[in-house]
2 protein chains.
Amino acid sequence: MGVTKTQIFDQQQNELAQFFKILGHPARIAILQFISTQDSCICNDLVDEIGLAQATISQHLKELKRIGLIQGEIEGKSMCYCININRWNELQQTLNSFFNTTKQNCC
Amino acid sequence: MGVTKTQIFDQQQNELAQFFKILGHPARIAILQFISTQDSCICNDLVDEIGLAQATISQHLKELKRIGLIQGEIEGKSMCYCININRWNELQQTLNSFFNTTKQNCC
DNA sequence: ATTTATTATCGTAATATTGCGATATTAAGA
DNA sequence: TCTTAATATCGCAATATTACGATAATAAAT
């Protein structure tokens, strides 16, 4: 096997899990942290900063874009990424809501 | 390849990522949610409740135990799991701290 | 138009994860 | 003690993820 049985879970559970999953890689954490240290947006200084190949960084950026946590803008030859603050806050809230709701009936 | 290069990231990044990763599966989300709906602790009604084999559920429970989010107590023949509320709150805080710190210098 | 720099995508190899049946292990009950 | 019930662990097959080199795509600069 190796397939997650998404059919047996509801949409909320699948979405929440997918969001957690994407944050579940140190490179993606590092990317988000590095982007946030640049007061302006950044491009692929990420490749220099983090010790991964350009293709790999690009792949991770794609994942982060997929859930809307970052957005990219073309800036001449290069690409300027920054955190999508609305989505960021939205996800933080979703996540807190999960934490708060779930712990309610704890023994 | 297929190996996450943990060496190039710091401990905080790796720990945070691992925590997110474990929450990044719908079955584990569902398990946590179901545990919390039981006012007392629960055992493996999880196997009936969630449509996965006993071996699979047991494996997921192991992962959740590994990061301390749940704890199990022997109760006769069966096992009584419940959320570790201290660890739960601790992780929620860690996570919020990541969200708040990271978004600070956003463009 | 050609070159150069930057980023995205493709293809592939290595490893990890998911799920399950089969088999321990443990403890209660007959 | 023998059976029964509940859970954990092992071993495997299927699929997913990670990483990277090679290559395509895009846009500035010459």
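Can you report the number of residues in region B:71-107 which are within 16 Å of DNA strand C (Cβ to nearest atom), among the β-branched types (Val, Ile, Thr) and within 30 Å of A:Arg87 (Cβ to Cβ)?
Matching residues across region B:71-107 total 0.
Pairs please, first residue from region A:44-56 and farther than 15 Å from A:Met79 by Cβ and touching a residue at least 24 places away in the same chain (Cβ under 8 Å), second anywhere and of a type in the set (Val, Ile, Thr) and loosely packed, with under 12 Cβ neighbours inside 10 Å, Cβ atoms under 6 Å, 6+ apart in sequence or on different chains.
Matching pairs, first to second residue: none at all.
Looking at region A:6-58 only, could you name the residues that are at the interface with chain B (Cβ under 7 Å from one of its Cβ atoms) and over 23 Å from B:Phe98 (Cα atoms)?
Answer for region A:6-58, where residues must be at the interface with chain B (Cβ under 7 Å from one of its Cβ atoms) and over 23 Å from B:Phe98 (Cα atoms): A:Thr6, A:Ile8, A:Phe9.
Bear in mind these aren't lab numbers, they're just calculated from the coordinates by the rules spelled out. Every value quoted in this text rests on a predicted model; they were computed, and no experiment measured them. We place every Cβ from the backbone using ideal geometry, glycine too, and count neighbours over all the protein chains shown.
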